[in-house]
Amino acid sequence: MNLLDYPRWPLLARESILNVPIDIRSTRVNVEGKVIDYGSDIDSVVITGMGGSGVVGDIVNDLCWFWDCRVPIIVSKNMRLPRRLSRPLVLAISYSGNTVETIMSAEEALSRGYPVIGITTGGKLSAILSSKGVPVILIPKASAPRYGLPSLLYPTLIVLERFGVVSVTNELERGIVGMEKALRAVDEASKLAKELVNSIPVIWVPESRRGVGIRFKNDLNENAKYFSIVSVIPEGAHNDIAAITTSQAGLRHVVISGSNDFESKYLDAVVDVISSFGVKPLIVRLDGSTPLESEMYGVTFLGIATLALAHLLNVEPVSTLPINKLKEELDRRGLFTV
Ligand code: PA5
């Protein structure tokens, strides 16, 4: 099986943080007569992006269930920014730099006078932001956006530290340890993949690991070209779980949690109830001694499992033709122009 960029993930994490400008907080830009001062205090962080780039927001949101994040993190996956923001920092993340939703959100943020930072390999996002003097963190390329995750996530964490939102210096290396552990667990990931052949995976995750669940679903969609469902606990225990009483063909239940997660005892109860209806879920434990380590173990391990599944199904993992076609179609219709 070809692991594509996964073996480079520890390196990508280390390399990409070097591109965060030391003096980012001294930036001042003038957009349409409005001075945006990056040294001013912020009261929220909006992370805007789609798919393999947008998942960075979900991961940061997970981590803030564990870390003492100073301001709320708002994950935005739309062409517009949420209304009624007061003093946000806006991180516009697009691997290609050509995703219309992210570019439109960044432009809206600037027109509203918010500090924006772009994280990208280049594209229109980089060109538009740079032309206005807005900081852009350029990251190394990978085979496709989702395979460049550490290059998108690690600079984000550094930026959050520079803005006093989190304190991550001791955590960054633990995250890399998590990736390295997962890279040594390829056989186990392949075993999980075998269990998923000919199924629709139902992924059960606690709220504090929503990002791991979403990332696993996205990787199943894009790498293995598989549909799957994510049920986030406790909410899913008030609706999804009711569907367990009928034996719908082809579902395969996967429960993901870290042993120290706040909701783990709740999840154990969910597993017992599911099992009492004759369903035997697969259990994936997120290995790690810190939140970032177990999170990175999870996204790396499960991502590799989806590559193994693609391999078993003889599916080409990198290309995502319908996504490309939709991007072209949106462009052709000129509905959302940047
Ligand atoms: O992983 C992928 O290829 C996609 O989910 C992309 O990330 C998504 O289409 C957004 O593109 P980009 O990350 O270039 O902004």
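Here are some notes:
- If the condition is being in contact with a strand residue (DSSP E or B) (Cβ under 8 Å, 6 or more places away or on another chain) and of a type in the set (Gly, Ala, Ser), then segment 209-236 contributes GLY213, SER228, SER231, GLY236.
- Condition check for SER130: open to solvent by 40 Å² or more (accessible area, probe 1.4 Å), small (Gly, Ala, Ser), away from the ligand (no atom under 14 Å from the Cβ) and in contact with a strand residue (DSSP E or B) (Cβ under 9 Å, 6 or more places away or on another chain): yes
- The condition of being open to solvent by 90 Å² or more (accessible area, probe 1.4 Å) and within 30 Å of MET104 (Cβ to Cβ) holds for only one of ASP272, ASP331, that being ASP331.
- Filter result for VAL273 (among the hydrophobic types (A, V, I, L, M, F, W, C) and within 16 Å of the ligand (Cβ to nearest atom)): no
- Hits in segment 1-33 (condition: assigned to a helix (DSSP H, G or I) and either closer than 20 Å to ALA109 by Cβ or open to solvent by less than 30 Å² (accessible area, probe 1.4 Å) (or both)): TYR6, TRP9, PRO10, LEU12, ALA13, SER16, ILE24, ARG25, SER26
- Matching residues in segment 289-305 - criterion: being touching a strand residue (DSSP E or B) at 6+ places or on another chain (Cβ under 7 Å) and open to solvent by 10 Å² or more (accessible area, probe 1.4 Å): TYR297
- Filtering GLY148, GLY118, GLY97 for residues that are within 15 Å of the ligand (Cβ to nearest atom), part of a strand (DSSP E or B) and not hydrophobic (A, V, I, L, M, F, W, C) leaves a single hit, GLY118.
- Subset of segment 219-231 (residues that are open to solvent by 30 Å² or more (accessible area, probe 1.4 Å) and assigned to a strand (DSSP E or B)): ILE229, VAL230
The values are calculated or read from the model by the stated rules, or taken from the named source; none is laboratory data. Because the structure is a prediction, the values reported are computed rather than measured. Every residue, glycine among them, receives a Cβ derived from its backbone with ideal geometry; neighbour counts consider all protein chains shown. Note: areas computed on protein heavy atoms with side chains; ligands, DNA, RNA excluded. Shrake-Rupley method; radii C 1.70, N 1.55, O 1.52, S 1.80 Å.
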